[in-house]
1. Suppose we filter Gly79, Gly39, Gly68, Gly27 for residues that are within 13 Å of ligand 1 (Cβ to nearest atom), outside the structural domain of His250 (by TED's automatic domain parsing), open to solvent by less than 40 Å² (accessible area, probe 1.4 Å) and over 30 Å from Asp146 (Cβ atoms); which single one remains?
2. Among the numbered criteria (1) assigned to a helix (DSSP H, G or I); (2) within 16 Å of ligand 2 (Cβ to nearest atom); (3) at pLDDT 95 or above, which single criterion is violated by Glu206?
3. Suppose we keep only residues that are outside any loop (DSSP other than H, G, I, E, B) and without any contact (Cβ under 8 Å) to a residue 60 or more places away in the chain within region 242-275. Which one would you say is surrounded by the most Cβ atoms within 10 Å (Cβ to Cβ)?
4. Quick check, is Lys166 assigned to a helix (DSSP H, G or I), farther than 24 Å from Lys244 by Cα and either in the same structural domain as Val200 (by TED's automatic domain parsing) or of a type in the set (A, V, I, L, M, F, W, C) (or both)?
5. What helices (runs of 4 or more DSSP H), lying completely within region 82-163, carry at least 2 residues that are without any contact (Cβ under 8 Å) to a residue 12 or more places away in the chain and open to solvent by less than 60 Å² (accessible area, probe 1.4 Å)?
6. Go through region 1-10 and report how many residues are assigned to a loop (DSSP other than H, G, I, E, B) and either open to solvent by 60 Å² or more (accessible area, probe 1.4 Å) or without any contact (Cβ under 8 Å) to a residue 60 or more places away in the chain (or both).
Amino acid sequence: MLKVPDHQVAGHQASDGVIGPLVDDSGHFYKPLQNDERGSNEVAFYKSFSSDACIPAHIRRYFPIFYGTKDIEASDGSGLHPHLILEDVVSIYQKPSIMDIKIGSRTWYTQASDDYIEKCLKKDRETSSLSLGFRISGLQMFGTKDSEFWKPGKKLTQSLNSDEAKLLLRKFVSSNMPADSDVCPDSALASNVYGGPAGVLEQLLELKAWFENQTIYHFYSCSILILYDKEAVLKERSSGALIKLVDFAHVLEGRGAIDHNFLGGLCSLIKFISEILTSPKEDLHL
Ligand SMILES: Nc1ncnc2c1ncn2[C@@H]1O[C@H](COP(=O)(O)OP(=O)(O)OP(=O)(O)O)[C@@H](O)[C@H]1O
Ligand SMILES: O=P(O)(O)O[C@@H]1[C@H](O)[C@H](O)[C@@H](OP(=O)(O)O)[C@H](OP(=O)(O)O)[C@H]1O
């Protein structure tokens, strides 16, 4: 049985008259192909990536598994529409806290149309992309009580300065609910989610090591999802946190060159997370 996902934090979402992703109860995420070249580009990327023997297994695990494409009934009732069938990377969590971070200081590339470049340039300047090398496209987090849930709108997450981005990344791993802006985030889960041998920082560093060498792909406008389950972390004191890359509608061939745009954004994100781990109680005055 297909349904609209309960946990989607960014991107095109299914609503009245708007086509969006669907999920089933077997752990699949169905992303509708966009009608323009973004749809065919993303299919081409997944086909190439999933069959490329040069991608090491420890890197492949950061990407959703690709199960092909299929025509299914679109969420907007418009009839059969081609969808990517992907691993639903959220399905293993009961109450997933999710952050979508679009990586890179620029989301455009010279091969794109003038209109597209202009649109992206404006967005990159207005958000933290240009200044920080990434922008937080969306997030949701659960609290410890059943009623506690926070999903700020993108206006609140995308256009942050450096202190504001650090504060939001701290809120994301705090046990107290951050919706009340008077409450100072306690960063209580930082060492379990961001830190530790299997935590987010180690995963980002592993990804970075690959990006320092790989010249096969250039990932424009691609996001890193950070995923964890607060209850599980508080109960087991282990991480269970994962990072996953999503959105490959704007992947280009690397042609032997380093993807310095993605790599730069990734290094910047790593610096933020590292600083939170080294000074979790830092008081940010905003
Ligand atoms: N494989 C997946 N499993 C679970 N959730 C996913 C998966 N891929 C994407 N999502 C969810 O959907 C959101 C949007 O994904 P994605 O960026 O691929 O869509 P998009 O419509 O192309 O976005 P954009 O408007 O930024 O181009 C993500 O923030 C995440 O919440
Ligand atoms: O970050 P936001 O505010 O969610 O804005 C969207 C984001 O910039 C996407 O990357 C972009 O899709 P592309 O990268 O595929 O262009 C989309 O364009 P669209 O609405 O024209 O699809 C924007 O709406």
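1. Gly39
2. Just one mismatch for Glu206, condition (2).
3. Looking at the filtered set, the residue picked out is Leu263.
4. In short, no.
5. Passing ranges, in order: 114-126.
6. The qualifying residues number 5.
The values are calculated or read from the model by the stated rules, or taken from the named source; none is laboratory data. Bear in mind that the values here come from a model prediction, so they are computed numbers and not experimental data. Cβ sites come from the backbone with ideal geometry, for glycine too, and all protein chains shown count toward neighbours. Just so you know, the surface numbers come from the protein's heavy atoms only, side chains and all, with ligands and any DNA or RNA stripped out. Shrake-Rupley method; radii C 1.70, N 1.55, O 1.52, S 1.80 Å.
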